[in-house]
Amino acid sequence: MKNDETAVSKATASRMPAYLRYLKGEAGKGVEYVSSAAIAKDLGMSAVGVRKDLALVSSRPGKPRFGFEIRILIEDIEKFLGYHRWTNAVIVGAGGLGRAILAYEGFENYGIHVIAAFDASPAKVGAFGGKPVYPMEQLGEIARRNRIRVAILTVPRGAAQEACDEIVAAGIGAILNFAPVHLHVPEGVTVRYEDLAVSLAALCGESAGNQ
């Protein structure tokens, strides 16, 4: 790789997952080489910009008339993004949203392995989509045994803080929170908030503005 990660701008880094999705899609079709021009055309980007982005992270230059070797380029982008270092994650809250996320297979493409879900309701304990759903009492034990770094919180508003406290007590230092409530966490614990209603409202507003 021609650079270290600090030499890549945030804008360039933010485009890497899109390149990775595209390249894996092409690889799945049996394509072995792809040009920056082809990537740019399919993704609606500038060919010059794509070429510059990929040159920053690729370990091998593109071949004339062939372009980049897809297999190698995928490995380079995954290494840059840290996807070669697997991150184990769990879901806390096995309701509708939690189960949908548990069944989603796309996380594996980004080095995230969602190993299980947890719920306080005995009725939801068991398995879903081939993955286990455990009672909350087992969160600490399983989190430590599997070195869980991230918890995806998908419980109702009223249960969010209590569930958050249990996540923190289990030694998990990062939380992706879908509950519509602000969480109180100790220093050193990172929380990112995702509100589907807000995102949808914003999208509707943008759509109305374009009419």
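With both partners inside the stretch 38-149, how many of the DSSP beta bridges are antiparallel, as a percent to the nearest 5?
30
What residues of the stretch 90-121 lie in the reach of a label at Glu137, counting those whose backbone N is under 14 Å from a point 7 Å from the Cα along Cα→Cβ?
119-121
Can you give me the distance in nm between label points at Arg145 and Arg65, each placed 7 Å from the Cα along the Cα-to-Cβ direction?
Each label point is offset 7 Å from its Cα along the Cβ direction, giving 5.8 nm.
On the accessible surface of the chain, probed at 1.4 Å, how many percent belong to carbon and sulfur atoms?
55
Describe numerically, in nm with one decimal, the distance between label points set 7 Å from Cα along Cα→Cβ at Ala174 and at Ser121.
2.9
So what's the back-of-envelope 222 nm ellipticity for the chain, counting only DSSP H runs of four-plus at -39500 (n - 2.57) apiece and dividing by all residues, rounded to 500?
-13500 deg cm²/dmol
Using only the Cα atoms of the stretch 39-81, build the gyration tensor, take square roots of its eigenvalues as a ≥ b ≥ c, and label the shape rounded, prolate or oblate: rounded if a/c is under 1.5, else prolate if a/b is larger than b/c, else oblate.
Since a/c reaches 1.5 but b/c is at least a/b, the shape of the stretch 39-81 is classed as oblate.
Could you report the accessible area of Arg149 in Å², rounded to 10, computed with a 1.4 Å probe on the protein chains as they sit in the structure?
So the heavy atoms of Arg149 present about 140 Å² to solvent.
If we count every other residue with Cβ under 15 angstrom of Pro180's Cβ, Lys/Arg +1 and Asp/Glu -1, where does the sum land?
Local charge sum for Pro180: 0.
Largest first, what is the accessible-area ranking of Val150, Val48 with a 1.4 Å probe?
Largest to smallest exposure gives the sequence Val48, Val150.
Quote the charge dipole size of the stretch 1-145 about the Cα centre in Debye, to the nearest 20; the model charges only the Cβ of Lys and Arg (+1) and of Asp and Glu (-1).
380
To one decimal place, what Kirkwood hydrodynamic radius in Å is obtained for the chain from all pairs of distinct Cα atoms?
19.5
Stretched out fully, how many nm does the piece from Glu162 to Lys52 gain, at 0.36 nm a residue minus the Cα gap?
Stretched out fully, the Glu162 to Lys52 stretch lengthens by 34.9 nm.
Could you give the accessible area per residue of the stretch 65-211, probe 1.4 Å, as a whole number in Å²?
With all protein chains present, the stretch 65-211 gives 57 Å² per residue.
Of the beta bridges DSSP finds with both residues in the chain, what % are antiparallel, to the nearest 5?
Once the DSSP bridges in the chain are tallied, antiparallel ones form about 20 percent.
Using a 1.4 angstrom probe on the protein heavy atoms only, line up Arg99, Arg147, Arg71, Arg65 by accessible area, largest first.
From most accessible down to least: Arg65, Arg147, Arg71, Arg99.
Please list Leu97, Leu196, Leu176, Leu153 in order of solvent-accessible area, largest first, computed with a 1.4 Å probe with all protein chains present.
Sorted descending by solvent-accessible area, the residues read Leu196, Leu97, Leu176, Leu153.
Accessible surface of Asp53 in the full protein assembly, 1.4 angstrom probe, to the nearest 10 Å²?
Surface accessible to solvent at Asp53 totals approximately 10 Å².
The values are calculated or read from the model by the stated rules, or taken from the named source; none is laboratory data. Model, not experiment: these values are computed from the prediction. Because the Cβ atoms are built from the backbone with ideal geometry, glycine has one as well, and the counts that use them run over all protein chains shown. Side chains included, ligands, DNA and RNA excluded: accessible areas come from the protein's heavy atoms. Shrake-Rupley method; radii C 1.70, N 1.55, O 1.52, S 1.80 Å.
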